[in-house]
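These notes are about the structure you will find just below.
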Amino acid sequence: MITKTQIKNSLENLPENVTVDQVIDQLLFIEKIQKGLDDSKNGRINSKKEAKEKLSK
């Protein structure tokens, strides 16, 4: 989950003229990064070997 502070910071870094679609894309991108960091922190990761095995199925 992303925080309100992360949303505010993200919006401040966007150009002055931005579309709603660009804002949504940016927020989705940040949310995916945060989820990946949370997964990593909580041990929900795969080794390179495990990933290759899953992808080969």
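Among the GluC sites (Glu not before Pro) within the chain, which fall in a DSSP loop and have no more than 12 other Cβ atoms within 10 Å of their own Cβ? Let's see the in-between values first.
Details: sites: Glu12, Glu16, Glu31, Glu50, Glu53; in loops: Glu16.
Qualifying residues, ordered by number: Glu16.
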Dipole axis of the chain (+1 Lys, Arg; -1 Asp, Glu on Cβ), positive-most option in Asn9, Gln34, Ser56: Ser56
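Work through the residues other than Ser56 whose Cβ is under 15 Å from its Cβ and net out their charges, Lys, Arg +1 and Asp, Glu -1. Can you show the working numbers first?
On the way: positive: Lys48, Lys49, Lys52, Lys54, Lys57; negative: Glu50, Glu53.
Value of the local net charge: +3.
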What distance in nm separates the two pseudo spin-label positions at Val18 and Ala51, each 7 Å out from Cα along the beta-carbon direction? 2.9
Work through the residues other than Arg44 whose Cβ is under 15 Å from its Cβ and net out their charges, Lys, Arg +1 and Asp, Glu -1. +1
If I compute Cα Rg over 2.2 N^0.38 Å from the structure I just sent, which labelled value in (i) 1.53; (ii) 1.39; (iii) 1.08 lines up? (i)
When the Karplus curve 6.51 cos²θ - 1.76 cosθ + 1.60 is applied with θ = phi - 60°, which whole-Hz ³J(HN,Hα) does each residue of the range 30-42 get, with x for Gly and Pro? 5, 4, 5, 4, 4, 4, x, 5, 5, 4, 4, 4, 9
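Can you show me the helix-derived [θ] at 222 nm for the chain, built from DSSP H runs with n ≥ 4 at -39,500 (n - 2.57) apiece and divided by the number of residues, rounded to the nearest 500. The partial results should precede the final answer.
Working: 3 runs with 41 residues, N = 57.
Counting only the DSSP helices, I get -23000 deg cm²/dmol.
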Lysine pairs meeting the criterion (Cα under 24 Å, 8 or more apart or interchain), as found in the range 4-56: 18
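Taken together, the values in this text are just the output of simple stated rules run on the coordinates, not laboratory data. Just so you know, these numbers come straight off a predicted model, no measurement behind them. A quick note on method: Cβ atoms are made from the backbone with ideal geometry, for glycine too, and the neighbour counts reach across all protein chains shown.
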